[in-house]
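Just so it is clear, none of the values below were taken in a lab; they were calculated from the coordinates. Computed from a prediction, not measured in an experiment: that's the story for all the values here. Note: ideal-geometry Cβ built from the backbone for every residue, glycine included; neighbour counts use all protein chains shown.
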Amino acid sequence: MERASGIATAVVSTISGIALALVLIFFLTLLMLSEAPRWHDKLCAMLRPDRREEVESAVALIASKTRRYLAVRFVLGVLTALLYVGWLWIFGIDLLLVWALLTFVFNFVPSIGSLISGVLPVLYAFATRDPWTAVLIGAGILMIEQVMGNYIDPRVQGRHLSISALVILSSLLFWGWVWGVAGAILAVPITMVVMVACAHVPALRWVALALSDETDYDGIDAQLGAPGEARAPD
């Protein structure tokens with residue numbers, strides 16, 4: 001019982017950190033939405049007329065990719081949380097709402113998010129149930145994660161992001177170190193914004209190629225709508 005209490009305390013502490021991160025992201029999003037028209041006018045004033053259309057196209061592409069990424073992550077997060085909770089409910093595990101919230105939020109953290117959201121309820125099961133039950137719970141969660149992570153997620157998300165897996169993990173570690181949980185959640189959108197922006201600046205197209213999972217500039221043009229005439233030499 002003492003082990004279960006310790007795990008529950010750690011989970012509550014994690015939830016508190018996530019809640020603070022979500023509040024930060026919420027207000028940051030509100031500020032971005034309220035400032036968007038003003039920044040659009042600023043960009044138009046700063047740029048030459050012949051560059052405005054291209055920049056507006058890049059901004060629209062960033063907005064479209066970000067909306068789709070967040071929508072897909074939201075739907076998959078809800079679906080994964082429901083599957084996790086349903087499996088845990090079969091074994092009578094407590095704190096179902098907590099596990100659902102953890103699963104949903106950590107779904108926005110690539111690579112290690114699903115690992116964290118899956119390991120915590122298994123540890124709790126080891127502390128509150130017999131080892132055999134905990135093993136069964138872990139096996140079920142692993143199966144759910146394999147189906148969601150290796151089959152459904154890639155087919156729904158497709159090659160929409162075109163970001164290198166190594167770059168995703170590196171950005172996750174960096175922004176997680178800088179901003180904690182909020183940085184881990186925002187790591188992929190930030191990297192995507194940088195990649196699309198660099199793809200539309202001729203001098204920085206090599207940065208976009210390095211961040212992407214493409215092997216040449218033709219792939220960058222196809223995936224990010226970058227101007228082919230500005231293509232850097234192979």
**Prompt:** Sorted from fewest to most neighbouring beta carbons within 10 Å, what does the list I152, I25 look like?
**Reply:** I152, I25
**Complete:** Farthest towards the positive end of the dipole of segment 33-97, among L76, L33, F91 and with Cβ unit charges of +1 on Lys and Arg and -1 on Asp and Glu, lies the Cα of L33
**Complete:** Neighbour-count ranking for V188, V23 (other C-beta within 10 angstrom, fewest to most) reads V23, V188
**Message:** P(r) for segment 69-136, please, calculated from all Cα pair distances in 10 Å bins and given in %.
**Reply:** 23, 52, 22, 4
**Vicinal HN-Hα couplings computed from phi for segment 84-96 (Karplus, 6.51 cos²θ - 1.76 cosθ + 1.60; Hz; Gly/Pro x)** = 4, 5, x, 5, 5, 5, 4, 9, x, 6, 7, 6, 4
**Asked** What are the residues whose amide H is under 5 Å from the amide H of S212, where those residues sit 5 or more places off or on another chain and H is modelled from the backbone?
**Response** S164
**Asked** Tell me, what ³J(HN,Hα) does each residue in segment 55-72 have, in order and in whole Hz, if you take phi through Karplus 6.51 cos²θ - 1.76 cosθ + 1.60 with θ = phi - 60° and put x for Gly and Pro?
**Response** 5, 4, 5, 5, 5, 5, 5, 4, 4, 5, 5, 5, 4, 5, 4, 5, 5, 5
**Item:** Sum of side-chain charges, G113 neighbourhood, beta-carbon under 14 Å (Lys, Arg +1; Asp, Glu -1)
**Value:** -1
